[in-house]
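Enquirer: The structure follows.
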Amino acid sequence: MQPISEMPFVGGDTALDFVNTAEQRGHPEAGDALLTPADLLLWGQRYGLLDTEVQLGADSGDELARARTARDLLYDILTARADGRPATDAQLAELAELARLAYQAGSLKPADDNSVSWQWRRTDLATVRHVAVTSGIDLLKAEPSPRLKQCPGDHCGWFFLDTTKRGNRRWCLMSECGQDAKDERRRARRSAS
């Protein structure tokens, strides 16, 4: 698992990129890039959600735990969606509570074109969780699902939106999982010869 400082954003959506901070779920070598509050802070800064001068507070460890719980819930719901299954009532109730907390912490701000959008304080570590949750809800309510795919790479499972014209993107990154699959096929052909 790459550290937050090197992690590529390949999901095409805030919620997907946030969910992708863990990989190989269910595998003994599972990786998690959000190990410390500083990792969560750096992710939020790299993603443009938090100001660079944000300081970690005494409750930052608790916020890391809340963010990881939200991330894992989003992963479970997105996996169900990608597999064509509905989310459970319990999952939706938990997501609704996270959304309530997110919208309670945010505010609507007008744009130059008179539209409005939700905004959160760029100095609050919880902003990462709030934006990921509300982004995830926006993604989940889109019908049909906008080409939501999950990488089939060996123990990867990262999510992404396939925005290719033909809808044939298969890998989170061709240079990573795609190349690994090519190398494995090449090895298999050599050993079969």
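Enquirer: Do we have any residue at all in the range 137-155 that's under 20 Å from residue 71 (Cβ atoms), of a type in the set (Val, Ile, Thr) and modelled with pLDDT of 70 or more?
Expert: Looking for residues that are under 20 Å from residue 71 (Cβ atoms), of a type in the set (Val, Ile, Thr) and modelled with pLDDT of 70 or more, one finds at least one in the range 137-155, hence yes.
Enquirer: Checking residue 2 against (1) within 15 Å of the chain's Cα centre (by Cα); (2) polar (S, T, N, Q); (3) at pLDDT 95 or above, only one condition comes out false. Which one?
Expert: Among (1) within 15 Å of the chain's Cα centre (by Cα); (2) polar (S, T, N, Q); (3) at pLDDT 95 or above, the lone unmet condition for residue 2 is (3).
Enquirer: It is to be established whether one or more residues within the range 56-70 are among the hydrophobic types (A, V, I, L, M, F, W, C) and over 29 Å from residue 152 (Cα atoms). Walk me through how you get there before you give the answer.
Expert: Going residue by residue through the range 56-70, those that are among the hydrophobic types (A, V, I, L, M, F, W, C) are 56, 58, 64-65, 67, 70.
Cutting the leftovers down to over 29 Å from residue 152 (Cα atoms) gives us 56, 58.
Checked the range 56-70: at least one residue is among the hydrophobic types (A, V, I, L, M, F, W, C) and over 29 Å from residue 152 (Cα atoms).
Enquirer: Quick test of your reading of the structure: residue 111 fulfils all but one of (1) more than 28 Å from residue 4 (Cα to Cα); (2) aliphatic (A, V, I, L, M); (3) touching a residue at least 60 places away in the same chain (Cβ under 8 Å). Name the failing condition by number.
Expert: Condition not satisfied by residue 111: (3).
Enquirer: Follow-up question, since we're still on this one. Of all residues in the range 33-63, count the ones that are without any contact (Cβ under 8 Å) to a residue 40 or more places away in the chain and open to solvent by less than 30 Å² (accessible area, probe 1.4 Å).
Expert: 2
Enquirer: When only residues in the range 11-26 that are touching a residue at least 60 places away in the same chain (Cβ under 8 Å) and more than 20 Å from residue 130 (Cα to Cα) count, which is surrounded by the most Cβ atoms within 10 Å (Cβ to Cβ)? Steps first, answer last, please.
Expert: Start the filter on the range 11-26 by keeping residues that are touching a residue at least 60 places away in the same chain (Cβ under 8 Å), which leaves 11-16, 18-20, 23-25.
Okay, now just the ones that are also more than 20 Å from residue 130 (Cα to Cα), so 23-25.
Values: 23: 21, 24: 16, 25: 16.
Checked the range 11-26; the qualifying residue surrounded by the most Cβ atoms within 10 Å (Cβ to Cβ) is 23.
Enquirer: Let me ask something else. I'd like the full set of residues that are more than 18 Å from residue 71 (Cα to Cα) and open to solvent by less than 90 Å² (accessible area, probe 1.4 Å), limited to the range 121-136.
Expert: At the first step, the residues of the range 121-136 found to be more than 18 Å from residue 71 (Cα to Cα) are 121-123.
123 - this is the single residue of the range 121-136 that is more than 18 Å from residue 71 (Cα to Cα) and open to solvent by less than 90 Å² (accessible area, probe 1.4 Å).
Enquirer: Also: Give the range 22-51 a look and list any residue that's out of contact with any strand residue (DSSP E or B) (no Cβ under 7 Å at 6 or more places or on another chain), of a type in the set (S, T, N, Q) and within 26 Å of residue 163 (Cβ to Cβ), or say none.
Expert: 45
The values are calculated or read from the model by the stated rules, or taken from the named source; none is laboratory data. Source: prediction; values computed, not measured. All Cβ positions, even for glycine, are placed from backbone atoms using ideal geometry, and neighbour counts span all protein chains on display. Only protein heavy atoms, including side chains, enter the accessible area calculation; ligands, DNA and RNA are left aside. Shrake-Rupley method; radii C 1.70, N 1.55, O 1.52, S 1.80 Å.
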